Amino acid sequence: MLPTQISSFEHYQSEYARSVENPEGFWAGEAETFTWHKKWDNTLTWNFEGPEVKWFEGGKLNITENCLDRHLAERGDQTAILFEPNEAGDPARHFTYRQLHSHVCKVANALRELGINKGDRVCFYMPMVPELAFSVLACARIGAIHSVVFAGFSAQALADRVNDADCKMIICSDFNKRGSKNIAVKEVVDEAMAIGCPSVETVMVHRNTGEDIGWDESYDVWYHEKVDGQPEQCEAEVMDAEDVLFILYTSGSTGKPKGVVHTCGGYMVYAAYSFLNVFQYKPGDVYWCTADIGWITGHSYILYGPLLCGATTMMFEGVPTYPDAGRFWEICAKHKVNQFYTAPTAIRALMAKGDHFVEGHDLSSLKVIGSVGEPINLEAWEWYKEHVGKGEVPIVDTWWQTETGGIMITGVGGHSPQKATFAGYPLPGIQPCLVDKNTLKVETENPAAGLLAVKFPWPGILRTTWGDHVRCKNTYFSTVPGMYFTGDGARRDENGMYRIVGRVDDVINVSGHRMGTAEVENAIDEHPQVVESAVVGYPHDIKGQGIYAYIILGPEAGANDALRAEIVATVRQEIGPIAKPDKIQFVSELPKTRSGKIMRRVLRKIAAGEGDSLGDVSTLLNPEAVRTIIEGRV
Ligand code: PRX
């Protein structure tokens, strides 16, 4: 059985009302559509002070039996994963539910043989290849906790994540084919091991391109040597609904990235429910989400959500502009994609390449097109609607976060009213609030604006941050007492539709990827010539936000382009290319308050070219510094 599928806007409204009147009854009903070894004892226990949230406590299940085994009788021969390789000329590969089941079981058996047990952490550092999907699901099969690290992060960032979770194993590929590049993935893992990952006993290497790699006999093993001969059946570990399913690291406004923790039962119910409804997936459809499995979107809407619903989900190895900027549309036409889900940054980048790349392709199969990761600007929304959706296909602008596990505010396929740049209404079970940022009073009227918070738990909410529950409490459950605070600001129109304005904390959204300003500053400060730095976001045509760094140098340093390049290289080394500053301005002072805090608001204004409207700067300790910074803007 599948979760309830909403069939009209009226149906949405009645389901929403039901979900608010009796959330536990509502979600218990949805949870019953899944396969459980034992039914739960308590549907929900919670308080947001702890926080402590438990859904379906005492329930026993394995998520992979819900993704795979339960589909075998009905759709064993249907394609589960449709793999489109990097090279446009190479054939796509189809893995049926039966084949996927057998691949997952084989890897699961190999993992057990290599000493991975329930609760052990396994880190992934892999390109978008089918073996990544097999192995992630294999972890879930045996109750190991997966922590997927996007394969664009640096060795240092990888080592930090491996060590934070004490991972016992890293699974990687030899190389990563991305467009015309061939990236040495294993080499980065070797560097991370050299930095020091004491908990890692095994590095399992998937042979992707077959080129030469470094090898350390003490921990390296080949994926194919361990997996190929394994039996095609593997008994699934029986998990408690509240056992950890995965950790996924994400940036916040302070400190190092934190490991967001999701659990088996609630995440399963929410990923499936939201997938089925937002995309209005129907049996036989081909669904494509262009995200990378290194991010939450790939977890929930390439793997778990679609597979839980018995969908055909596409996995794309390459990039949108290779061999040219028509690749997405060529793939949509070739595989007759019905639901297409991408990010505004990709839309803007493709839009800038010219309409002719999209015009030649038959996109008539599309039924729903989605957007995720950052606010979609009006121009991109309209281009997407007109050129991809041909004016007809509904856009779902889906707002959510790593911490929410699944989509929260969105249209429901073509059933909801659409308004450009507005995400729309909350899904059933989601109770958002706008809260005044000064008084913390909940805004009850429409229209309204304020901090976006959620007042009641839903099954996909994060349970903790790995190894540091106090941090979870401070980050998400302290700003707005009694509520989950999102870090975003939003507006609500006269009809109650939500528009997400963007982050209100020190998080920058670069091409839909979250970067903490503190994290980037720490990386910049690693350069020996840097004394102090302050990083802010500024409007960027393609990326949404770019990274602008103000840097104070030591007395010996020459403020020149060579040094700029060195600093960029330091950031690449500490975090990865996605965090590198787009602009660097060398300054002699940073604007500070009397208590010594950097006034970022002023720096944001200057970076945006709005130095003539700084607002109240009366609390500045050094107002004269501001004039010089404005004059030196790059
Ligand atoms: O600021 C919001 C923005 O992305 C943040 C979450 O980032 P992350 O955890 O990496 O997850 C991204 C994919 C779910 C949010 O706090 N964001 C995400 N979707 C939207 C959005 N902003 C506006 N509109 C959206 N549809």
Taking Cα pairs under 8 Å and at least six residues apart, what relative contact order does segment 5-58 come out at, in percent? 23
Arranged from highest to lowest average of other beta-carbon atoms within 10 Å per residue, in what order do the peptides 341-347, 40-46 appear? 341-347, 40-46
Quick one: if you stick a label point 7 Å off each Cα along the C-beta vector at Glu52 and Lys256, how many nm between them? 2.8
Rounded to a whole number, what is D in µm²/s for the chain from Stokes-Einstein with the Kirkwood radius over alpha-carbon pairs (20 °C, 1.002 mPa s)? 85
Solitary cysteines of the chain, where the nearest other Cys Cβ is not under 4.7 Å: Cys67, Cys139, Cys172, Cys197, Cys264, Cys289, Cys309, Cys332, Cys433, Cys472
Report the local net charge at Gly59: Lys and Arg +1, Asp and Glu -1, summed over other residues whose C-beta lies under 11 Å from its C-beta. -2
Counting Lys and Arg as +1 and Asp and Glu as -1 over every other residue whose Cβ sits under 15 Å from the Cβ of Glu379, the net charge comes to -2
Would you mind checking Lys181/Lys605; Lys353/Lys543; Lys186/Lys226 for any pair whose Cα atoms are more than 25 angstrom apart? Lys181/Lys605
Based solely on its DSSP helices, what 222 nm [θ] is calculated for the chain when runs of n ≥ 4 H residues each add -39,500 (n - 2.57) and the sum is averaged over all residues, nearest 500 deg cm²/dmol? -8000 deg cm²/dmol
Note the direction-averaged projected area, equal to a quarter of the hull surface, for the Cα convex hull of segment 506-632, in nm². 7.6
Net charge of Cβ neighbours under 11 Å - reference Asp493; Lys, Arg +1; Asp, Glu -1: +3
Cα to Cα, under 26 Å, and not fewer than 8 places away if on the same chain: which lysines meet these conditions relative to Lys60? Lys38, Lys39, Lys106, Lys118, Lys168
Using only alpha carbons, build the gyration tensor for segment 63-155 and give me the equivalent ellipsoid semi-axes, biggest first, whole Å. 22, 21, 9
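Taking Cα pairs under 8 Å and at least six residues apart, what relative contact order does the chain come out at, in percent? Write down the numbers at each step before the final one.
On the way: 1402 pairs, mean separation 78.9, N = 634.
Dividing the mean separation by the residue count of the chain yields 12 percent.
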Quote the charge dipole size of segment 506-632 about the Cα centre in Debye, to the nearest 20; the model charges only the Cβ of Lys and Arg (+1) and of Asp and Glu (-1). 360
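Where a number appears in this text, it was derived from the coordinates with a stated rule and is not lab data. Note that the structure is predicted; figures quoted are calculated from it, not measured. Positions of Cβ are backbone-derived with ideal geometry, glycine not excepted, and every protein chain shown enters the neighbour counts.
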